[in-house]
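S.K.: Below you will find the structure I want to go over with you.
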Ligand code: ADP
Ligand code: MG
């Protein structure tokens, strides 16, 4: 595969939307796999207690596995929990286990509770990566806040359906708060339209509304609804390796190429 340009320093991209089922995990895993396949060193940080990103990358995340919970709550160094994903040699994962569900509460009484992931990333040698992608849970709780504080860029996946824009105001306000108090470097760099069904007028309408509202931040590439995309995780694979010629794999690869070629994506 052709190599894409690599960023001068590590881009830490948080993938968040408090709505569930919009394609956060699917996008984290498949963008990460595409970037890795084109020569980048990539780390996926799984910050969802469900551990779906870990599963989709073929990573063991049963209860005893050292995980991002230990990093956030026990000050375990990231280096001690990061593992290599089996499908692509330069793709890595910081797995999540179910005990992370308790972290949302346990973090409340911790010092610098919003900045624990940021601190862990700073203490870790992230410069060996080109990209760190942080997959968030479907809420705006402390785990997602940690991801927003730890990242430089926010990627928002939006599902092309009727309620797509609902709740985005709340997400953007949270980003503003994080930016003014905790992480001035955070920018909304990327919006990705997911699960697009070209047969419906509604999907086209939603896509148009999002583009009118957010402009160039929205990637040109739209991810189509594709059965292969939803099948891949049960094989512990991204769709990029599971079915490279499928419409979903090609679209995720194209979206990842756009991200790689937008050097920082620093538009706001
Ligand atoms: P989130 O992480 O935001 O909760 P997921 O990435 O887990 O969302 O996606 C929700 C569900 O939709 C999953 O079952 C996933 O396999 C499926 N899905 C995501 N993207 C697509 C797509 N492009 N085509 C078909 N199914 C998809
Ligand atoms: Mg998810």
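S.K.: If you take the residues of the range 43-68 that are away from ligand 2 (no atom under 16 Å from the Cβ) and surrounded by fewer than 24 Cβ atoms within 10 Å (Cβ to Cβ), which of them is nearest to residue 126 (Cα to Cα)?
M.R.: 66
S.K.: Right, here's the next one. Could you name every one of the helices (runs of 4 or more DSSP H) located completely within the range 215-268 that has at least 2 residues being away from ligand 2 (no atom under 16 Å from the Cβ) and either surrounded by fewer than 18 Cβ atoms within 10 Å (Cβ to Cβ) or modelled with pLDDT under 95 (or both)? Step through it out loud before you land on a result.
M.R.: On the way: elements: 227-231, 239-242, 247-261.
Counting at least 2 such residues, we get 227-231, 247-261.
S.K.: Shifting gears a bit: Do you know which residues across the range 11-37 are farther than 13 Å from residue 151 by Cβ, within 15 Å of ligand 2 (Cβ to nearest atom) and assigned to a helix (DSSP H, G or I)?
M.R.: 24, 25, 26, 27, 29, 30, 31, 32 - these are the residues of the range 11-37 that are farther than 13 Å from residue 151 by Cβ, within 15 Å of ligand 2 (Cβ to nearest atom) and assigned to a helix (DSSP H, G or I).
One line per residue, one yes/no per condition, for (1) at pLDDT below 95; (2) within 12 Å of residue 233 (Cβ to Cβ); (3) assigned to a loop (DSSP other than H, G, I, E, B):
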residue	(1), (2), (3)
45	no, no, no
50	no, yes, yes
53	no, yes, no
59	no, yes, yes
65	no, no, yes
69	no, no, no
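S.K.: Okay, moving on. In contact with a strand residue (DSSP E or B) (Cβ under 8 Å, 6 or more places away or on another chain) and touching a residue at least 24 places away in the same chain (Cβ under 8 Å): is that true of residue 188 in this structure?
M.R.: Values: in contact with a strand residue (DSSP E or B) (Cβ under 8 Å, 6 or more places away or on another chain): yes; touching a residue at least 24 places away in the same chain (Cβ under 8 Å): yes.
Yes.
S.K.: For residue 60, only one of the following conditions fails: (1) in contact with a helix residue (DSSP H, G or I) (Cβ under 9 Å, 6 or more places away or on another chain); (2) within 21 Å of residue 146 (Cα to Cα). What is its number?
M.R.: (2)
S.K.: Contact list please: Cβ distance under 8 Å, first residue in the range 212-232 and more than 18 Å from residue 28 (Cα to Cα), second residue within 16 Å of ligand 1 (Cβ to nearest atom), pairs at least six apart or on different chains.
M.R.: 213/165; 214/191
S.K.: So which residues in the range 97-120 are touching a helix residue (DSSP H, G or I) at 6+ places or on another chain (Cβ under 8 Å) and closer than 21 Å to residue 177 by Cα, if there are any at all?
M.R.: Within the range 97-120, 104, 107, 108, 110, 112, 113, 114, 115, 116, 117, 118 qualify.
S.K.: While we're here: Report yes if residue 60 is more than 14 Å from ligand 1 (Cβ to nearest atom), over 16 Å from the mean Cα position of the chain (by Cα) and without any contact (Cβ under 8 Å) to a residue 24 or more places away in the chain, otherwise no.
M.R.: On the way: more than 14 Å from ligand 1 (Cβ to nearest atom): yes; over 16 Å from the mean Cα position of the chain (by Cα): yes; without any contact (Cβ under 8 Å) to a residue 24 or more places away in the chain: no.
Here the answer is no, as residue 60 does not meet what is asked.
S.K.: In the range 135-147, which residues are within 16 Å of ligand 1 (Cβ to nearest atom) and in contact (Cβ under 8 Å) with a residue 40 or more places away in the chain?
M.R.: Correct list: 135, 136, 137, 138, 139, 140, 143, 144, 147.
S.K.: Ok, one more. Yes or no: residue 26 within 13 Å of ligand 1 (Cβ to nearest atom) and within 15 Å of residue 155 (Cβ to Cβ)? It would help to see each step written out before you state the result.
M.R.: Details: within 13 Å of ligand 1 (Cβ to nearest atom): yes; within 15 Å of residue 155 (Cβ to Cβ): yes.
When the stated conditions are applied, residue 26 passes them.
The values are calculated or read from the model by the stated rules, or taken from the named source; none is laboratory data. None of these values were measured; they are calculated from a predicted model. For neighbour counting, all protein chains shown are included, and Cβ atoms are generated from backbone atoms with ideal geometry for every residue, glycine included.
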